[in-house]
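Participant: I am attaching a structure below and will ask some questions about it afterwards.
The values are calculated or read from the model by the stated rules, or taken from the named source; none is laboratory data. Note that this is a predicted model, so its numbers are computed, not measured. Cβ placement follows ideal geometry from the backbone for every residue including glycine, while neighbour counts extend to all protein chains displayed. With ligands, DNA and RNA removed, areas are computed over all heavy atoms of the protein, side chains included. Shrake-Rupley method; radii C 1.70, N 1.55, O 1.52, S 1.80 Å.
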Amino acid sequence: LVAMENAAAAADDGGMAVVRVKPLGAGGGGVEAGSSIVCGQGRSAVVTEGGGITVAASGRTARNFKYPKHVIPPESDQTQLYNTFMPQRIEAFLGGCNVNIMAYGQTGSGKTHTMFGPPGMMKRAATGEIGADAHADYGLCPRGVLDAISRVNALRTADPSMRYLLTASAVELTFTSGNLDMLLKGKRQSTEGQGYWKVADVSIDMSSRPPRLYGMTQAILTRPEDALELFAGIACRNTSGTGLNDTSSRSHCFVVLTLLALDTASSMVRTSRFQFVDLAGSERVAEAHSGDANWRNGNSGVIEGVSTNYSLMMLSSCVRALVEARSKKQQQRFSFRSYLVDLVQLLSESISGEALSLVIVCISSNPENASQSVNALDFGEVFSHLSVRPRVVDGEKFESLESKASKLVESGGHSVASAKMMALRSAQGRDGEQLQRCLEALRG
């Protein structure tokens, strides 16, 4: 365990201070499409020469940021990005460490491209037209999923005394519809054609350490073809055209891989998680909605935009407070309970450094986006002060997990007065049933 934790710590390759620059003319709508900048013409507001990164635009004082340990230039492709940051994180995940990857930035700056691929890529992948191999345009998540499937299968062959079960889930945190199970949503869209009529509630349990989601579908992954169901769910994410982005994501998206590793000699099960987080983009509400920033006019997009900005502000405030507490050696006085926002709670493990994390700040090269690029880099600078101390998760007896699953199923049948608590109990009951199925598959 110590060797694995040391290896995971060594994998902290500056991943908390990574910036990716979107090339000029790359598209995305809004000012990206509407400006006079075309690929090969115009002048970028972002300069990466001379160390660090500088944002300079007409009428603005240039800002230089020295903190990025990695600046991914516009000419870098998806394969290069993956090969730089992902192999060591997949290795840590397979070895029992929790891993978190997060993409942050202004709407239209390339977060979803970085995490999943260009618009429509996951929809194409879900149909099977791309095949089972990694496509050149795949982002970190689909590549990581396929890589994990391959690596887990290799582990099964290498050591027959170990049994492995890999599952995937996908949830989007929305501000108008609650937390949605994307895999269930994807199935309903594919079978019913027009939208979906109802999605089972996904609830967060704030009392867990760390807080976690319950109730989402867990898809078992044994072959590359099994990933198509996950890709279909991701393709159903809420998006909407705005003045800043033709396909703006209107939710925070969490894709989670869970690996159960059973040592048949000791009956101990180790559970590790790999979390891919594509945050909804921060936006200038008035510009994003053509000057109509009044939610009273019935514009739900305004409510989503304001809510997104608020959740990101709370995330930044939380990180700043933790960094300050650590600098004053007062970390014991810091509490995540002061930031009761689902997004912050679900990222608490990444913020505290107990998971091997990678934060990619995506920025636009467009001079019209200079102020938003500076804001995103300010956010990234705060994250760069966080330290990473990943640890291998503790194992648990197989019988203990069976008991836990039974208790979850039982709790799902209990009625309580609070509607919110009833939703959580119901979600925990579904989780218990799925855990029972996973343990049965793991037992073989």
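Participant: Determine the distance separating the Cα centre of the stretch 216-236 from the Cα centre of the stretch 383-424; give it in Å without decimals.
Facilitator: Centre-to-centre (Cα) distance: 22 Å.
Participant: Please identify the trypsin sites (Lys or Arg not before Pro) of the stretch 309-353 that satisfy two criteria: DSSP loop assignment and at most 15 other Cβ atoms within 10 Å. Which are they? Please report the intermediate quantities before stating the final value.
Facilitator: On the way: sites: R320, R326, K328, K329, R333, R337; in loops: K328, K329.
Filter output for the stretch 309-353: K328, K329.
Participant: Out of the total accessible area of the stretch 319-373 (probe 1.4 Å, heavy atoms of protein only), what percent is carbon and sulfur?
Facilitator: Reported share for carbon and sulfur atoms: 44 percent.
Participant: Give the accessible surface of the stretch 82-184 per residue, rounded to a whole number of Å², with probe radius 1.4 Å and ligands, DNA and RNA excluded.
Facilitator: Value for the stretch 82-184: 32 Å² per residue.
Participant: 5 Å is the cut-off here: which amide hydrogens, built 1.01 Å from N in the peptide plane, fall below it relative to T174, excluding neighbours closer than 5 in sequence?
Facilitator: It is N179, L180, by chain and number.
Participant: Give the peptides 62-69, 217-224 in descending order of average Cβ contacts within 10 Å, highest first.
Facilitator: Working: 62-69: 15.2, 217-224: 17.2.
Going from most to least packed, we get 217-224, 62-69.
Participant: What is the local net charge at L408, summed over the other residues whose Cβ is closer than 13 Å to its Cβ (Lys, Arg +1; Asp, Glu -1)?
Facilitator: +1
Participant: Report the calculated FRET efficiency for T84 and S177 (r = Cβ-Cβ distance, R0 = 25 Å), to the nearest 0.05. Mind showing how you got there, number by number?
Facilitator: Numbers: r = 36 Å, r/R0 = 1.44.
Here the calculated transfer efficiency is 0.10.
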